[in-house]
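Some notes on the structure that comes next.
The values are calculated or read from the model by the stated rules, or taken from the named source; none is laboratory data. Note that the structure is predicted; figures quoted are calculated from it, not measured. Please note: Cβ atoms are built from the backbone with ideal geometry, for glycine as well, and neighbour counts cover all protein chains shown. Side chains are part of the model used for accessible areas, which takes the heavy atoms of the whole protein and leaves out ligands, DNA and RNA. Shrake-Rupley method; radii C 1.70, N 1.55, O 1.52, S 1.80 Å.
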Amino acid sequence: MDINLSTYLRTVPDENGYYGEYGGVYLPDELRPAFQEIAEAYQAICHSAQFISELRRIRRQFQGRPTPVYHCERLSRLIGPCQLYLKREDLNHTGAHKLNHCMGEGLLAKYMGKKKLIAETGAGQHGVALATAAAFFGLECEVHMGAVDIAKQAPNVTRMKMLGAKVIEVTEGNATLKEAVDSAFRSYLQSYKTSIYCIGSVVGPHPFPLMVRDFQMCVGSEAREQFMEMTGLLPDAICACVGGGSNSIGFFTPFLADPIEIFGVEPLGKGTKPGQHAASITYGKKGVLHGFESYLLQDEKGEPLPAYSVASGLDYPGVGPEHAYLHDLGRVKYDTVTDEEAIEAFFKLSRYEGIIPALESAHAVAYGMKLARQRKSGAILINCSGRGDKDVDYVAEHYGFGEKYL
């Protein structure tokens, strides 16, 4: 489908927060005014020269943006003639793309006069980024995290606490990302007058899918310009991992009007049965979760199914509404990568390029490698959304040091 990007960004989502038939606001009546307040505040400042100028200053002087595009020469040579490139979001301050929207949300909170930031986190990168933003702006920070993820991502838990955040351990249900969101929503319901809920992806009620997309678009805008400067051409294809979908939507959007292929990579985990994966678009159906409507892994009663991925940041049973919309339009193709494929890519990128990716990002690297093996020419640009410092202990304990995969 052909997309006019300037028209698309003006009309998608609509005024009610819908991307086609997905999105919207499904909330208790008590919370609706709070989210309306956030929507109105964001619309008031998103076109403000002062807000944009301050955010650009923060990105340049504090975050270290722009992050570079890097040619994976040795890995490309290993695979074949098709060339692999990375957008190095792992070099963004705090080690992932999450700070892009957290600093924007923190700046919005200051504008609104809020005192505390509340959020959920899976892999811990959003929690670290939000704790960083809170420290930067002088705000309180409360991060809800599943007990399973706390055990897997201990380094990020330590970082959050060092930055001054209060980490709430969530033990209900599967004790992973979905339960952390539930817990954070309950906390926000009790304190919304003095707090702002900073959702960690392009999910949740309007305006968060819109807001987080806008804050993350710097990734794709930089990458497009940098790749053109490096090669004189656009890439033949781009790909990024998709859990809730923040890194990928920010990466994809500036390329939507270009004649290139776009691939979103979902986690197939251990298999296709319920509870073995978190591939919401591939195996889900339309449903409502956490205040928005999108593709959802659900049972026959409409209840969310357990989600699983080796990558904690991807084990969510739903996906951002704009991803659902782009899937239905046919503009983005969504496919899957297993745990084993992601682990192989994790070790391949580490050994051949000296870059240890986050397990989330390793899904995108694995898919980029798979595409490259199928092609006799061209270039594939992959969003390396985060670094793997948080994952190295877990990977070493469960997979050793990669001899099997090299």
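Structure values in brief
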| quantity | calculated |
| --- | --- |
| Acute angle (nearest 10 degrees) that the helix 339-353 long axis makes with the longest principal axis of the chain, alpha-carbon atoms | 70 |
| E73 paired with Y111, simple spin-label distance in nm, labels 7 Å along Cα-to-beta-carbon | 4.4 |
| Modelled FRET efficiency - R0 35 Å, A135 with L406, Cβ distances, 0.05 increments | 0.35 |
| Angle between the chain longest axis and helix 177-191 axis [Cα atoms, degrees, rounded to 10] | 20 |
| Within the chain: Cβ-based charge dipole about Cα centre, in debye rounded to nearest 20 (Lys, Arg +1; Asp, Glu -1) | 960 |
| Calculated FRET value between D14 and L234, using beta carbons and R₀ = 45 Å, to 0.05 | 0.95 |
| Separation of the K273 and Q374 label points, Cα + 7 Å toward Cβ, nm | 2.8 |
| Overall Cα dimensions of the range 187-318, principal axis frame, Å, largest first | 51, 43, 24 |
| Top positive-direction residue, dipole computed over the chain with Cβ charges, set V212, L108, L234 | L234 |
| Accessible surface ranking that places the most exposed of E105, E172, E397, E54 first, with a 1.4 angstrom probe | E397, E172, E54, E105 |
| Cα-based convex hull, the range 258-324, per residue volume (Å³, whole number) | 99 |
| Mean Cα-pair separation over length for the chain, i.e. relative contact order, pairs under 8 Å, 6 or more apart, % | 20 |
| Accessible area expressed per residue, the chain, with surrounding protein chains retained (probe 1.4 Å, Å²) | 38 |
| The range 60-175 - percent relative contact order, Cα under 8 Å, separation 6 or more | 19 |
| For the range 34-193: rounded, prolate or oblate by the Cα gyration tensor [a/c cutoff 1.5] | oblate |
| Whole-percent carbon and sulfur share, accessible surface of the range 161-258, 1.4 Å | 51 |
| Helical contribution to [θ] at 222 nm, DSSP H n ≥ 4, -39,500 (n - 2.57), averaged over the chain, rounded to 500 | -13500 deg cm²/dmol |
| Members of K152/K193; K285/K333; K270/K370; K301/K333; K166/K193; K270/K333 lying beyond 23 Å, as alpha-carbon distances in this model show | K152/K193; K301/K333 |
| Contour excess over end-to-end distance, with Cα ends at V392 and T158 and 0.36 nm allotted per residue | 82.7 nm |
| Where labels lie 7 Å past Cα in the beta-carbon direction, separation of E37 and S221 in nm | 2.9 |
| Among beta bridges that DSSP assigns inside the chain, antiparallel share in %, nearest 5 | 30 |
| Cα gyration tensor shape of the range 1-47, rounded if a/c is under 1.5, else prolate or oblate by comparing a/b with b/c | oblate |
| Cα centroid of the range 149-221 to Cα centroid of the range 360-401, whole Å | 24 |
| At 1.002 mPa s and 20 °C, Stokes D of the chain from Kirkwood alpha-carbon radius, µm² per second | 103 |
| D (Stokes-Einstein, µm²/s), Kirkwood Cα radius, the range 103-198, 1.567 mPa s at 4 °C | 101 |
| Stokes-Einstein D in µm²/s, Kirkwood radius over Cα pairs - the range 8-127 at 25 °C with 0.890 mPa s viscosity | 140 |
